[in-house]
Amino acid sequence: MKVLFIGGTGVISAASAALAIERGIELHLFNRGESARAVPDGARVIRGDIRDPAAARAALDGLEFDAVVDWIAYRPEHVEADLELFRGRAGQFVFISSASAYQTPPASLPVTESTVLANPFWQYSRDKIACEERLVKAYREEGFPITIVRPSHTYDQTMLPLKGRYTMIDRMRRGKKVIVHGDGTSLWTLTHTRDFAKGFVGLLGNSRAVGEAFQITSDEALTWNRIYELAAQAAGAAAEIVHIPSATLARYDPEWGAELFGDKAHSMIFDNTKIKRLVPDFAATTPFSHGIREIVAWHDADPARRVVDERLDSLMDRIIADWERIFP
């Protein structure tokens, strides 16, 4: 099977690329070659910029693929360019959407692929919804062979899935307090990229996946309090948590607020029956308690990786000081 990944060296896509090659897929990566991650052995690299339609068409001239995956399409104009580029040249086109596109907050749990798409809070999610709608229109009207995939907070050893990433570990290790939105009891789903890859690669070239949408997540749901506690344990520190309402955080930082109200402030639990039915060997086997130890070890292996967001660090100090002045 001949597959093209647009991107292919990112947090989510790198593990899928490695597994695709391991399973004998002839994998081509189309990207600019600017990622810090190495190209997996066996992948064939096509250098180019997908945002330059003429150059992309020239670079891919004469090539056809059993499946094309666009890992870096975020807005409707991106998928419009994909439609122009891959009509008649792809047996399957896979769009990477987001579980944040689902109704927010969800009317019921667990979330399934039939849950309505509606996120009034976060532009990122609204753009993903618009991309999906355009691709569904192309499927219905012209038979363009789409498959939609909705990941939810997928991470690898390089990406700490907390606000500010390593900044939170640094604060814990220095004995500083950390902010958790709300009361910390909402449930959240974190998925290791190795687990995501097992479900994802099984969709490639699968005719039963065409015209369908799939969510691929872990079945483990943790409270945010527990997520921070596990991070602190892995870092050899303590999590001294200050709970602050999401609305208050939004007043200090509107972008942080949009991220919370549009995604992380609400419990999200997923029903993965559909992907398991189509890809029977899919199982998420990396609990976050293991994944977070990998993350901390990776950061500790090189001081250059331990990047602290000084602006966010100072903002958290100010928010906590203000909050504790009002609620000592």
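The values are calculated or read from the model by the stated rules, or taken from the named source; none is laboratory data. Note that the structure is a prediction, hence the values are computed from the model and not measured. Here the Cβ positions follow ideal geometry from the backbone for every residue, glycine too, while neighbour counts run over all protein chains shown.
A few points about this structure:
- Filtered residues of region 123-165 (kept if assigned to a helix (DSSP H, G or I) and closer than 29 Å to Ala18 by Cβ): Tyr124, Ser125, Asp127, Lys128, Cys131, Glu132, Leu135
- Taken together, Val94, Val79 contain a single residue that is in a strand (DSSP E or B) and either in the same structural domain as Ala209 (by TED's automatic domain parsing) or acidic (Asp, Glu) (or both), which is Val94.
- So Lys137, is it crowded, with 22+ Cβ neighbours inside 10 Å, charged (D, E, K, R) and out of contact with any strand residue (DSSP E or B) (no Cβ under 6 Å at 6 or more places or on another chain): no
- If you go through region 205-229 and keep only what is part of a helix (DSSP H, G or I), surrounded by fewer than 22 Cβ atoms within 10 Å (Cβ to Cβ) and either at pLDDT below 95 or in the same structural domain as Asp66 (by TED's automatic domain parsing) (or both), you end up with Ser207, Arg208.
- Enumerated helices (runs of 4 or more DSSP H) restricted to region 250-328, each holding at least 2 residues that are in the same structural domain as Val180 (by TED's automatic domain parsing): 254-259, 288-300, 310-326
- Filtered residues of region 18-37 (kept if aliphatic (A, V, I, L, M), over 17 Å from Tyr155 (Cα atoms), touching a residue at least 24 places away in the same chain (Cβ under 8 Å) and not in a strand (DSSP E or B)): Ala20, Ile25
- Neighbours by Cβ (under 6 Å, 6+ apart or cross-chain): first from region 317-328, closer than 21 Å to Asp170 by Cβ; second among the basic types (Lys, Arg) and loosely packed, with under 10 Cβ neighbours inside 10 Å: none
- Residue count for region 2-17, restricted to those that are of a type outside the set (S, T, N, Q), crowded, with 21+ Cβ neighbours inside 10 Å and not in a loop (DSSP other than H, G, I, E, B): 7
Rundown of residues vs (1) part of a loop (DSSP other than H, G, I, E, B); (2) closer than 22 Å to Phe95 by Cβ; (3) at pLDDT 95 or above; (4) in the same structural domain as Val69 (by TED's automatic domain parsing), yes/no style:
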| site | (1), (2), (3), (4) |
| --- | --- |
| Thr167 | no, no, yes, no |
| Ile179 | no, no, yes, no |
| Asp183 | yes, no, yes, no |
| Asp195 | no, yes, yes, yes |
| Gly199 | no, yes, yes, yes |
| Leu203 | yes, yes, yes, yes |
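- Selection status of Val45, outside any loop (DSSP other than H, G, I, E, B), under 19 Å from Thr154 (Cα atoms) and in the same structural domain as Ser16 (by TED's automatic domain parsing): no
- Exactly one residue out of Ala237, Ala232 is in the same structural domain as Val178 (by TED's automatic domain parsing), part of a loop (DSSP other than H, G, I, E, B) and surrounded by 16 or more Cβ atoms within 10 Å (Cβ to Cβ), and it is Ala237.
- Taking the criterion of being buried (at least 22 other Cβ atoms within 10 Å of the Cβ) and either without any contact (Cβ under 8 Å) to a residue 40 or more places away in the chain or of a type in the set (Lys, Arg) (or both), the only residue of region 140-157 that qualifies is Arg150.
- Within region 99-122, considering residues that are assigned to a loop (DSSP other than H, G, I, E, B) and in contact with a strand residue (DSSP E or B) (Cβ under 6 Å, 6 or more places away or on another chain), the one surrounded by the most Cβ atoms within 10 Å (Cβ to Cβ): Thr115
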